[in-house]
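Here the structure comes first, spelled out in structure tokens, and everything after it is commentary.
The values are calculated or read from the model by the stated rules, or taken from the named source; none is laboratory data. Computed from a prediction, not measured in an experiment: that's the story for all the values here. Note: ideal-geometry Cβ built from the backbone for every residue, glycine included; neighbour counts use all protein chains shown.
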Amino acid sequence: MNVILYTTHCPQCKVLEKKLQASGIEYTTSEDVQKMLELGFKSAPVLIVDDEPPYSFKDACAWIDEYEEGEECDLCKLT
């Protein structure tokens, strides 16, 4: 699973990063604001999981919570 957190280190970015760490999800970060704009992101944080559409803060938190519960996400069912 390839997880990228696009962050500006705002308060929501920090919350999302802490949730990822607490969940044991391996991820990389990108702080490249120009790249975020090129990708069409208008706010941060944004979480990218494999080739899925970008997750906003709220959706990313829900995805992490689902991951923590051990439920298979749609991505896991494909592999």
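At a glance:
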read-out: Matching residues, the range 18-53, being outside any loop (DSSP other than H, G, I, E, B) and touching a strand residue (DSSP E or B) at 6+ places or on another chain (Cβ under 6 Å); value: Thr28, Thr29, Ser30, Met36, Val46, Leu47, Ile48, Val49
read-out: Subset of the range 63-79 that is out of contact with any strand residue (DSSP E or B) (no Cβ under 8 Å at 6 or more places or on another chain) and under 16 Å from Ile4 (Cα atoms) - its residue that is modelled with the highest pLDDT; value: Ile64
read-out: Residue among Glu26, Glu17 that is under 12 Å from the mean Cα position of the chain (by Cα), acidic (Asp, Glu) and under 13 Å from Ala60 (Cα atoms); value: Glu17
